[in-house]
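S.K.: Mind having a look at this structure? Questions to follow.
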Ligand SMILES: Cc1cc2nc3c(=O)[nH]c(=O)nc-3n(C[C@H](O)[C@H](O)[C@H](O)COP(=O)(O)OP(=O)(O)OC[C@H]3O[C@@H](n4cnc5c(N)ncnc54)[C@H](O)[C@@H]3O)c2cc1C
């Protein structure tokens, strides 16, 4: 039997869409590519969402008004954002949490070491895994049918309208459809093509690790672009973090992120520093380091700290390489000890230590050093010393489908009447580049909910036409 709304994907955006469509009275079928135990895409790895609020609200302290959120987005994207859709996301983030709670999501204040975001970000109790599980439970209670190991290979459209989706040889029709099947970050071949070869003859993407789900292969994104859907975003733009080089290829999740960059220095394979480690607060800068490491030879770099940094950042899952002296550390990391010591000595001598305060843009900075370290610069001089090899960790890609405030997919500038998109598949409308922590879930929640409501409405219209 044909359902009203077909939701393709099984992460936050898909679940928000399925729940809203079911609440609106639609019959809903959700197709998730992953097996049940791996359901939830990248959303299962998340911890929080960024929320606008004008006054303290349960787990959120102080205020984070619309204008400040907007300015933060404007800054990180360098203006490559659609203001209308960005503001829609921001406003929706101020009202979505009661609805989320009604579907079993619980919130908690951040634990220490969580990127100093107590004011701006609401944390999910039990993380994204608990959120996803709560949404699946609620969806099933509302009668949403969830099918696992059901990767959609392509869809059929006619005149800009959704007609059917194909899973293997099975053709599934529906009155309306929501696409929420993630970006193409897990597709290594596509990443390779997008990043191409660099001036050193390297294929940088071959050294990328994928922080999340292996199921976001971009199959539907490619299919939709081939079908003529309007696109948004640059395929090389993505949320990319520097992660532990020992992380697995997929699903390393949050615990492989290396958060001590601003507390020390970072050197490349030649043992040279290449960027200001203390440019701004870590939540505002962590997402540039994946790309910075991607630009270095061999796509590798090394975060170096001393004993003073210990206890001041979220400890990653693997312990750092430890040494009692800096030359020993260089040797253990496979770096040229002479160059390494020259870099570290120059850095140490250039530190003008003021009053160290990691919660402020403090006055500890370097003088006469290029590149400078503008905050939290203290000599690296206290044993034991630690080093972490870093690789670019791709969180999610920004190439997506162009949409509007109704979450409709567009073909030649025309909004589809019954095909909608949410989450990573359209995040590029808001995020042309850059990132600010927690906004991925704000976008997915806002547009997932809109897409679900719109799809239910479109299905009702379609049903009434059919009965007329
Ligand atoms: C380690 C990590 C930590 C993160 N932390 C945060 C955070 O704290 N806050 C935040 O805001 N964002 C965070 N993000 C980003 C966040 O995960 C995404 O922005 C958000 O989850 C996107 O939701 P989505 O539903 O669009 O995609 P996903 O949750 O990735 O869901 C995509 C779904 O589509 C399915 N799928 C793919 N292809 C097909 C197909 N062909 N057919 C059927 N199903 C298909 C996948 O299996 C998956 O279930 C994090 C990401 C990672 C990897």
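S.K.: Using only Cα atoms, what Kirkwood radius does region 223-295 have, in angstroms? Display every interim value, and only then the final one.
M.R.: Details: mean 1/r = 0.0692 Å⁻¹.
So the Kirkwood estimate lands at 14.4 Å.
S.K.: If you take every DSSP beta bridge whose two residues both sit in region 1-148, what share of them, in percent to the nearest 5, is antiparallel? Write out the running numbers ahead of the final one.
M.R.: Working: 7 of 14 bridges.
Percentage antiparallel, nearest 5: 50.
S.K.: Continuing with this model, one more query. Would you work out the relative contact order for the chain, in percent, from Cα pairs under 8 angstrom that are 6 or more residues apart?
M.R.: Numbers: 1141 pairs, mean separation 111.3, N = 468.
The value is 24 percent.
S.K.: Right, here's the next one. Can you give the translational diffusion coefficient of the chain in µm²/s, computed by Stokes-Einstein from the Kirkwood radius over Cα pairs at 37 °C and 0.692 mPa s?
M.R.: 143 µm²/s
S.K.: In addition: Could you tell me, in Å, what Rg and Dmax come out for the Cα atoms of region 54-138?
M.R.: 14.1, 40
S.K.: In Å and whole numbers, how far do the C-alpha atoms of region 118-163 stretch along each principal axis, longest first?
M.R.: Cα spread of region 118-163 along its principal axes, largest to smallest: 47, 27, 20 Å.
S.K.: So in region 279-436, what percent of DSSP beta bridges are antiparallel if you round to the nearest 5?
M.R.: Working: 13 of 13 bridges.
The answer is about 100 percent antiparallel.
S.K.: Where does the Debye-calculated log10 I(q)/I(0) of region 334-468 sit at q = 0.21, 0.22 Å⁻¹, using only Cα point scatterers of equal weight, no solvent?
M.R.: -1.19, -1.24
S.K.: Moving on to the next point. Per residue Cα convex hull volume for region 239-393, in cubic angstrom?
M.R.: Numbers: hull volume 15.2 nm³, N = 155.
About 98 Å³ per residue, rounded to a whole number.
S.K.: Compute the distance from the alpha-carbon center of region 322-381 to that of region 1-65, in whole Å.
M.R.: The distance from the Cα centre of region 322-381 to that of region 1-65 comes to 43 Å.
S.K.: Sticking with this one: What's the percent breakdown of Cα-Cα distances in region 32-182 across 10 Å bins, shortest bin first?
M.R.: With 10 Å bins starting at 0, P(r) equals 10, 29, 31, 23, 7, 0.
S.K.: Pull out the extension gain between residue 352 and residue 381, defined as 0.36 nm times the separation in residues minus the alpha carbon to alpha carbon distance; nm, one decimal. Mind dumping the intermediate values first?
M.R.: Working: separation 29, 0.36 × 29 = 10.44 nm, distance 1.41 nm.
Here the segment from residue 352 to residue 381 would lengthen by 9.0 nm.
S.K.: How tilted is helix 12-23 with respect to the longest principal axis of the chain? Cα atoms for both, answer in degrees (0 to 90, nearest 10).
M.R.: The angle comes out at about 30 degrees.
S.K.: Here's something else I'd like to know. What percent does the relative contact order of region 239-393 come to when contacts are Cα pairs within less than 8 Å and at least six residues apart?
M.R.: Working: 328 pairs, mean separation 54.2, N = 155.
Relative contact order here is 35 percent.
S.K.: Normalised by the residues of region 177-219, what does the relative contact order come to in percent, with Cα pairs under 8 Å and at least six apart?
M.R.: Details: 45 pairs, mean separation 22.3, N = 43.
After rounding, I find 52 percent.
S.K.: For 321, 409, which order do you get if you count the other beta carbons within 10 Å of each Cβ and list the fewest first?
M.R.: Ascending number of Cβ neighbours within 10 Å: 321, 409.
S.K.: Using the number of other C-beta atoms within 10 angstrom as an exposure proxy, rank 254, 380 with the fewest first.
M.R.: 254, 380
S.K.: Compute the helix-to-body angle for 83-93: its Cα long axis versus the longest principal axis of the chain, expressed 0 to 90° and rounded to tens.
M.R.: 90 degrees
S.K.: How many percent of DSSP beta bridges within the chain run antiparallel, rounded to 5?
M.R.: 75 percent
S.K.: Shape of region 289-337 from its Cα gyration tensor (a ≥ b ≥ c, root eigenvalues): rounded if a/c is under 1.5, otherwise prolate when a/b > b/c, or oblate? Could you put the intermediate results ahead of the total?
M.R.: Working: a/c = 2.27, a/b = 1.16, b/c = 1.96.
Note, shape of region 289-337 comes out oblate.
S.K.: Whole Å is fine, so just give me how far the alpha carbon centre of region 228-284 lies from that of region 171-213.
M.R.: Comparing the Cα centres of region 228-284 and region 171-213, I get a distance of 17 Å.
S.K.: As I understand it, the value is the acute angle between the Cα axis of helix 439-467 and the longest principal axis of the Cα atoms of the chain; what does it come to in degrees, rounded to 10?
M.R.: Rounded to the nearest ten degrees, it is 10.
Values quoted throughout were computed directly from the atomic coordinates according to the rules given, and no laboratory measurement underlies them. Please read all numbers here as calculations on a predicted model, not as lab measurements. So basically every Cβ, Gly included, is an ideal-geometry build from the backbone, and we count neighbours across all protein chains shown.
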